[in-house]
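Read-outs throughout are calculated quantities, based only on the coordinates presented, and are distinct from any laboratory measurement. Quick caveat: nothing in here was measured; it's all calculated off a predicted structure. Positions of Cβ are backbone-derived with ideal geometry, glycine not excepted, and every protein chain shown enters the neighbour counts.
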Amino acid sequence: MSDQQTGTVTFAFGDSPEMADELLGLVLAGKKTATCGALRDFGPGGEARPVVGRRDVILDGKGRPGALIETLEVTERRFDEIDEAFARDEGEGLLTLADWREGHRDYFERNGGWSEDMMLLCERFRLVEDLTR
């Protein structure tokens, strides 16, 4: 969802309320500073593309504002081009590339399909404000 006046986008991570809460918690703890999504899901009729410098609101699993982030970097990469540094910055699981690949393969298979060469939109961000307080 996008606010036409500010350009701010509100979104929740993941594909369930539980995952949204878990990943928001990682952002608030400073462990998650990156995310990615299938490129096919961005653009007309889909999610708004992240924009460097834009500030967005991450929602919790109940749709409440949880964090304000600022996008620092946006890149497009194939799934098989993700490196250890990006996997670690996503802050999930064991923080290894192997664990990242397994978890994200499962996620993408549940949400439209997966392949080694699928294109991802990768974002690095910083936490600006904890909105849960």
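Note on the chain: with a GNM built from Cα contacts shorter than 10 Å, the maximum mean-square fluctuation among Ala20, Ala98, Ala38 falls on Ala98.
Once the Cα atoms are used to define both axes, helix 17-28 deviates from the longest principal axis of the chain by about 80 degrees.
Think of it as helices only: each DSSP H run of n ≥ 4 in the chain is worth -39500 (n - 2.57), and spread over all residues that comes to -7500 deg cm²/dmol at 222 nm. When the P(r) of the range 10-126 is calculated, the portion above 18 Å amounts to 49% of the C-alpha pairs. Note on the range 41-116 and the range 7-31: Cα centroid distance 10 Å, given to the nearest whole angstrom. A crude spin-label estimate for the pair Glu76 and Ser115, with each label 7 Å from Cα along the Cβ direction, gives 1.5 nm.
Relative to the longest principal axis of the Cα atoms of the chain, the long axis of helix 97-110 makes an angle of roughly 80 degrees.
Considering only Pro65, Pro44, Pro17, the Gaussian network model of the chain with Cα springs below 10 Å gives its largest mean-square fluctuation to Pro44.
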